[in-house]
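Worksheet: the structure to be examined is printed underneath.
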Amino acid sequence: MRALQPALDALVVTGNGASPRVLKDAGAKEADLLLAVTEIDEVNLLAAAAGHRLGVQRTLARVRDAEWFGGDQGFARDILGVDAVIDPEHATADDLAETLLLPGAVHVEHFAEGAITVAEIVIREHSPLAGVVVRERPEPVPYSIVGILRGGAVLVPTAGERVQPGDRVFAVASQEQIAQVVAFLDGAPEEVRDVVVLGGGRVGGHLAKRLAGRCDVRVLERDAERARLLAERVPQALILHEGDLSKEMLLAHGVDRAGAFVACAGDDRTNLLATLHAKQLGARLCLAVVTREQYVPLVDALGVDGAFSLRLTTAEAILRFVRVDTVRAMHLTISGAEVLDLNADPGSAIVGARAEPAGRLSGCEVGAILRDGRVLIPAAGERIQAGDRVLLFRRRGTAARVEHAFDA
Amino acid sequence: MRWGVVLPVVGGALLAAGAGMLVCALVAAGYGDGGGLAFALPGSATAALGAAGLLLGRRLPSSPLRPRDGYFAVTAAWAASAAAGAIPLLAAATFAAPVDAFFESMSGFTGCGATLLDDVEAEPHAVLLWRSLMHWIGGVGIVLLVVAVAPATGLASQRLFFAESSSPTTERLTPRIADTAKIIWGVYLTLTVASCLALFAAGMRPFDAVNHAFAGIATGGFSTRTASIGAFDSLPIELVTIVVMALGGINMAFYWRAVHGDSLRPQLAEVRAYVLLLAGGTAVVAASVLIADDVSGLGTALREAAFSVVSMMTTTAFITGDFDAYNDFARLVIVSLTFIGACAGSTAGGMKVVRFLLLSRTAVQEVQRQLQPSAVQVLRLPGRVFAEDVRRTVLGFFFVYVSVWALGMLVMAAVGLDAVTAGSASAAALNLSGAGLEAVGATENFGAVPPAGRAALSLLMLIGRLEVFTVVALLTPAFWRRRWA
């Protein structure tokens, strides 16, 4: 608590978070929102249920094992009093799987109920975008470039910005066309046929289950019991019980020839070290899960292709829940960019505005618009209409008031 | 030994055997062809002794049953039943030597079906019925019957249940094991009645239908004819018998699950493999006799092969044609199938299909492990994951089983049988198939085996019926050492 208090502009109370008395003392009766996000499912569910009874408007619980409510959201809401359930490990595993299944991408996120996709791509020398001005980019199918990550900093590209090799770009396209766009921008995409996953915990387990049957999955796990459990649950994957991480061990399991390497062993240092090894050995696509902010600067330096943060995944889920009216979804990248999925309410200030980084949208880039069920990549002069779903890209901490323009 | 739990089990088994004898005495009175007194007196005595054991046992303090008590109680119950069952066979002058009567009786209760009778038709109805009835009482387990009917002994019932059938898939269908035992006996009874009606409809006389239903569903093999099913020379009867034997070879719990609407997945893999083995075995044997033997036409070959394969793999050993007259390949295929046997939890003998599947999986995984030593291997069948100690138990079972068979073969050779007869006689007793090759072949009886060999074969039958560990544990010095108590 002493560590927390100075870092947070919030009231910190010590006590059992699931206790009705503690909750009452903390002011649950007048609270709009209760977030129960400890590491323990039971505590979260109890706290949410207690909060609900005490009169909290809405409750959110982090639950890793959906068996608690039998996978039935209605049961969770009506019987347990939990309005929303989040499972960051599962969500992260889904993100990792989406990325691995989209050749050329190092990170993938879906928006507008899956209609619009944002992909992060590393631009290499042979990419048709290398050295090209954003406005003059070749476009085999409609897509937009909403952001560039260069030297660890995010920039919203001006029309005259030139893409350089080594940049990472954020490309937006409809879900049907994103594979084509990513393949085109990468220049030489290769389908991932075999994946080595370090760590068979919650993330690794979900990931193995998602990928099993689609590609060859090998999971390296230190803990014998966990390895056994995973082998029972995911028969299609090869589960290997291996001790400490070493280059030799990775080499013995063919990491050098692997199409992808994913480090999700539950410890940031292990994950980053393993990814470094894997990259040096020659694994093509190297993804790592990191939890602590302090390791984020290392991600780029170590040559990790894509980093996935459990903390940000949790934050995304919570933010989406908190701002339910106009913000339909959001995605936070480790590098400090934000992608927002917004609803343009009829009568809001944004209706009629040009979909370009000026005026009300200054500092933001419009990636795509979902209008009447069709995905639209905005051309110059395109205006936002009432009822549009607008995908916005911005640097974290800039254009903070843009959401309000969408509110009626 | 905790007599408080051993006595009721032995008593209950004897009571069941005695009741069966009394039924035979009534049948003897009905037909008037002799054997009435030979069954009435031993029957009453056995039943009285059994009831006494049951009552006395319940007065003794009932303590929790240790594994050793369970093994001892179950083995004792089976041995006592077989001994009691031999008495009417001696009294009715069917056999003169006690060892012969004991052999026949043990062969009856264990569902082996190996006989010493030369001329079956010469025996009175009571003796014929008693042979089939022993099959039937022993069918899904005499101790299971005690557990089902006797008032619950709690934990004791459970130990007894698992001591009698140690298969890797044995599982409870209900919270209380006594209820599971009731269900299994209920399924068994239903199948028996259905088989009886079907055999009657196919053209058997009522007495034959009852006897062959008992012997068929219990996968025993005693017939009311010397020439077995072949004596009827009827395709409908053969077809119905094939179905009856095949049904007897399936886990009784499987039927319950099917009727009850429970998931069949845990046992589906075994049943599927069982049916495939039956079909595959039939095809291979039919093809080989068509090629190598003098058989007239595909129809005859299929008819004979199907009957022989189903009869032997379910370890029943009803006979229509002499499979021992086939070529050596077909003979060995048939004998090999008796080692696999039918499904666990059925009335059949052999190592059981599920163990065969698990052993095959283990073999494949062991080869893979040489290439990938750190791979985590899970012993699984479709729909079911097995704990690692199941793997160990199955491997141990296999070794002990094969060792017992080999020892049996050596004993048979030592008492003077030739190599093929010795090996197949040991297999016929241990696998409870009841028919072997050469001197103990399909159309022969076990008369060629000298008395000492008959005693040894009786022991092999008991070992096979109780799935080796139960009896073999009793034969180890450690079992009797006090400090292990």
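Things to note:
Residue-wise test of (1) touching a residue at least 40 places away in the same chain (Cβ under 8 Å); (2) over 20 Å from B:Ala45 (Cα atoms); (3) of a type in the set (Lys, Arg).
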residue: B:Arg68; (1), (2), (3): yes, yes, yes
residue: B:Ala76; (1), (2), (3): yes, no, no
residue: B:Ala83; (1), (2), (3): no, no, no
residue: B:Ala91; (1), (2), (3): yes, no, no
residue: B:Gly111; (1), (2), (3): yes, yes, no
residue: B:Leu116; (1), (2), (3): yes, yes, no
residue: B:Val120; (1), (2), (3): yes, yes, no
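- Scoring B:Gly341 on the criteria (1) away from chain A (no Cβ under 14 Å); (2) surrounded by fewer than 17 Cβ atoms within 10 Å (Cβ to Cβ) leaves a single failure, condition (2).
- Matching entry among A:Asp244, A:Asp223 (being surrounded by fewer than 21 Cβ atoms within 10 Å (Cβ to Cβ) and either within 24 Å of B:Arg380 (Cα to Cα) or within 27 Å of the chain's Cα centre (by Cα) (or both)): A:Asp223
- Looking across region A:374-396, just one residue is out of contact with any strand residue (DSSP E or B) (no Cβ under 9 Å at 6 or more places or on another chain) and either touching a residue at least 24 places away in the same chain (Cβ under 8 Å) or of a type in the set (Ser, Thr, Tyr) (or both), and that is A:Ala386.
- Subset of region B:430-445 [at pLDDT below 95 and not in a loop (DSSP other than H, G, I, E, B)]: B:Glu438, B:Ala439, B:Val440
- Some residue of region B:390-408 being closer than 26 Å to A:Val234 by Cβ and within 14 Å of chain A (Cβ to nearest Cβ): yes
- Every residue from region B:238-265 that is within 22 Å of the chain's Cα centre (by Cα) and β-branched (Val, Ile, Thr): B:Val240, B:Thr241, B:Ile242, B:Val243, B:Val244, B:Ile250
Rundown of residues vs (1) within 23 Å of A:Arg311 (Cα to Cα); (2) over 20 Å from the mean Cα position of the chain (by Cα), yes/no style:
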{"residue": "A:Ala93", "(1), (2)": "yes, no"}
{"residue": "A:Thr117", "(1), (2)": "yes, no"}
{"residue": "A:Val122", "(1), (2)": "no, no"}
{"residue": "A:Pro138", "(1), (2)": "no, yes"}
{"residue": "A:Val141", "(1), (2)": "no, yes"}
{"residue": "A:Leu149", "(1), (2)": "yes, no"}
{"residue": "A:Val163", "(1), (2)": "no, yes"}
{"residue": "A:Phe170", "(1), (2)": "yes, no"}
{"residue": "A:Ile178", "(1), (2)": "no, no"}
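- Output for region A:238-274, where each listed residue is in contact with a Lys or Arg (Cβ under 7 Å, 6 or more places away or on another chain) and within 14 Å of chain B (Cβ to nearest Cβ): A:Leu238, A:Leu240, A:Glu242, A:Gly243, A:His253
- All positions within region A:205-229 that are more than 11 Å from chain B (Cβ to nearest Cβ), in contact with a Leu (Cβ under 8 Å, 6 or more places away or on another chain), among the aliphatic types (A, V, I, L, M) and not in a helix (DSSP H, G or I): A:Val217
- Qualifying positions in region B:224-248 - of a type outside the set (Val, Ile, Thr), closer than 13 Å to B:Thr192 by Cα and surrounded by 24 or more Cβ atoms within 10 Å (Cβ to Cβ): B:Met245, B:Gly248
- Any hit, region A:336-358, residues being within 27 Å of A:Pro157 (Cα to Cα) and free of Cβ contacts under 8 Å to residues at least 24 places away in the same chain: yes
- Search result, residues across region A:4-52 that are of a type in the set (Lys, Arg) and touching a residue at least 12 places away in the same chain (Cβ under 8 Å): A:Lys24, A:Lys29
- Qualifying position, being within 16 Å of B:Ala429 (Cβ to Cβ), out of contact with any strand residue (DSSP E or B) (no Cβ under 7 Å at 6 or more places or on another chain) and buried (at least 21 other Cβ atoms within 10 Å of the Cβ), among B:Leu417, B:Leu407: B:Leu417
- B:Ala80 meets the conditions (1) surrounded by fewer than 21 Cβ atoms within 10 Å (Cβ to Cβ); (2) part of a helix (DSSP H, G or I) in every case but one. The failed one is (1).
- Output for region B:353-378, where each listed residue is among the hydrophobic types (A, V, I, L, M, F, W, C) and within 18 Å of B:Asn431 (Cα to Cα): B:Val353, B:Val354, B:Phe356, B:Leu357, B:Leu359
- Some residue of region B:344-366 being within 14 Å of chain A (Cβ to nearest Cβ) and open to solvent by less than 20 Å² (accessible area, probe 1.4 Å): yes
- Selection count where residues are touching a helix residue (DSSP H, G or I) at 6+ places or on another chain (Cβ under 7 Å) and surrounded by fewer than 18 Cβ atoms within 10 Å (Cβ to Cβ), scope region A:269-290: 2
- Residue match in region A:230-237 (condition: polar (S, T, N, Q), within 14 Å of another protein chain (Cβ to nearest Cβ), touching a strand residue (DSSP E or B) at 6+ places or on another chain (Cβ under 8 Å) and open to solvent by 30 Å² or more (accessible area, probe 1.4 Å)): yes
- Some residue of region B:469-477 being more than 18 Å from the chain's Cα centre (by Cα) and farther than 17 Å from B:Ala163 by Cα: yes
- Selection status of B:Ala422, within 28 Å of B:Gly230 (Cβ to Cβ) and assigned to a helix (DSSP H, G or I): yes
The values are calculated or read from the model by the stated rules, or taken from the named source; none is laboratory data. Please read all numbers here as calculations on a predicted model, not as lab measurements. Every residue, glycine as well, gets a Cβ built from its backbone with ideal geometry; the counts of neighbours run over all protein chains shown. Accessible surface is based on the protein model in full, side chains and every heavy atom, while ligands, DNA and RNA are left aside. Shrake-Rupley method; radii C 1.70, N 1.55, O 1.52, S 1.80 Å.
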